[in-house]
Amino acid sequence: MTDPTTEPMLEVTDVVHKYGTVTALSNVSLSAQKGEFLTILGSSGSGKTTMLRVISGLETPYSVKRLRIGGEDVTDVPAAKRRCTTVFQNYALFPHMSVLENVAYGLRIRKVNATDAAAQARRALAMVQLEAKADRSIRQLSGGERQRVALARAVVTRPLVLLLDEPLGALDERLRQDMQLELMELQRKLDMTFVYITHSQEEALTMSDRVVLMRHGKIEQSGRPLDLFDRPQTRFAADFMGYENILPGRLIERDATLGLVELAGGTRVRGTLTNAALQTGDAVNLALRAERIGAVAAGAEGLDGTLSSKVYRGKYTDMLVETPAGQLRLRSWHGAPGETETLHRLGWKVEDAVIFAADGT
Ligand SMILES: Nc1ncnc2c1ncn2[C@@H]1O[C@H](COP(=O)(O)OP(=O)(O)OP(=O)(O)O)[C@@H](O)[C@H]1O
């Protein structure tokens, strides 16, 4: 018998989906625990929405080995009967109904009586700080308020899994950041499983317990936000996570965690391996964030560089530096180092330089 305390709230194994000749998902598997905030991250066309539609039942997959919600096999269960609800970017609210009626709607179609439905809807509105606007029309609300109504409406029916399809995409930057915090708080209060999709790495890293990075209908890498941010395993993941510098080289030596890489021009530098399978002699990339590079003493491990351009951006200064291994981007938060043309030797902490295989880019 399966143990309900450890069984995932959502389990999808080997889903394949095709639209005609386009394969939108190829053998994607993911799972989420009760109360987990899982984010599916990827650029446009990577298959995020298709994945959500397969989970919600709006799309029948070409094939799937296992599709379970709350321990129940839902492969053949119609969308309306699955214990999950989707929140969309465009809110999908009923404009002719009041805020309260919108939130109570899902309960009414589940045959909850009017008094109970209104009481539960008010509680859900209180959770998103909109109780005072319960009797307003949807047209009298701002974009952020509408999205909060959509959230209240989605959680009022107590789904086991809440699916969120770029729900903050239509909001301006400031409001988006406020709503990110509100969403996280709501998710914790409800202890509900959230599956959130976004193309924003910043949003994914801020909110999630775990992130699944997708590319061309496959999972590129998944893990805790810090694993993806600090330990990308492919060039695509490093690019997506905002690594400004990716230098090609060859792995010369390695131990359990660190590697020595010979870069173009013959300089040898150390970094941290993100893939245990890498072997000496392998073609690799060494990735570095612009803001993790700094001036070090002459003779210390690193690269010599000549400043080729410098742009003052208020809070920080961006620089381009020519080195024997290629051009490096640097970002300084403490004024620009190197007022002269030649910078001091450039170095970094060994844990800030990540090494991954050069193939499979
Ligand atoms: N109804 C459809 N008919 C044909 N192809 C489709 C259809 N829906 C999606 N696709 C294709 O399937 C692939 C995955 O699309 P999907 O919408 O899942 O990606 P996405 O990551 O959600 O993108 P976005 O961020 O732009 O919404 C894309 O190549 C897309 O063009």
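The values are calculated or read from the model by the stated rules, or taken from the named source; none is laboratory data. Keep in mind that what you see is a predicted model, and the values were worked out from it rather than measured. Glycine gets a Cβ as well: all are built from the backbone with ideal geometry, and neighbour counts include every protein chain shown.
Here are some notes:
- Scanning segment 144-175 for residues that are within 16 Å of the ligand (Cβ to nearest atom) and either surrounded by fewer than 19 Cβ atoms within 10 Å (Cβ to Cβ) or basic (Lys, Arg) (or both) yields Gly169, Ala170.
- Leading residue by the ranking (nearest to the chain's Cα centre (by Cα)) among those in segment 205-236 that are assigned to a strand (DSSP E or B) and within 15 Å of the ligand (Cβ to nearest atom): Val211
- Among the conditions (1) within 19 Å of Leu164 (Cα to Cα); (2) part of a strand (DSSP E or B); (3) at pLDDT 95 or above, Arg53 misses just one, which is (2).
- First in segment 49-68 and near the ligand (Cβ under 9 Å from one of its atoms), second anywhere and of a type in the set (Asp, Glu) and not in a strand (DSSP E or B), Cβ under 8 Å, 6 or more apart: Thr50/Glu59; Arg53/Glu59
- Residues of segment 295-330 classified as part of a strand (DSSP E or B) and crowded, with 18+ Cβ neighbours inside 10 Å, total: 7
- Taking each residue of segment 20-48 that is within 21 Å of Ile69 (Cα to Cα) and in a strand (DSSP E or B) and looking for partners that are near the ligand (Cβ under 7 Å from one of its atoms) and hydroxyl-bearing (Ser, Thr, Tyr) with beta-carbon atoms closer than 6 Å, six or more apart or interchain, yields Leu25/Thr50.
- Among the residues examined, Ala276 does not qualify as of a type outside the set (Asp, Glu), surrounded by fewer than 18 Cβ atoms within 10 Å (Cβ to Cβ), in contact with a strand residue (DSSP E or B) (Cβ under 9 Å, 6 or more places away or on another chain) and not in a strand (DSSP E or B).
- Of all residues in segment 136-178, those being under 16 Å from the mean Cα position of the chain (by Cα) and either farther than 25 Å from Met51 by Cβ or at pLDDT below 90 (or both) number 5.
- Complete set of residues in segment 181-204 that are away from the ligand (no atom under 12 Å from the Cβ) and assigned to a loop (DSSP other than H, G, I, E, B): Asp191, Met192
- Thr86 vs. criteria more than 12 Å from the ligand (Cβ to nearest atom), under 20 Å from the mean Cα position of the chain (by Cα), more than 26 Å from Gln120 (Cα to Cα) and assigned by TED's automatic domain parsing to the domain that holds Asp135: no
- Unmet requirement for Tyr243, which otherwise passes all of (1) outside any strand (DSSP E or B); (2) away from the ligand (no atom under 16 Å from the Cβ); (3) in contact with a helix residue (DSSP H, G or I) (Cβ under 8 Å, 6 or more places away or on another chain): (3)
- The listed residue being outside any helix (DSSP H, G or I) and touching a helix residue (DSSP H, G or I) at 6+ places or on another chain (Cβ under 7 Å), out of Thr75, Thr85: Thr85
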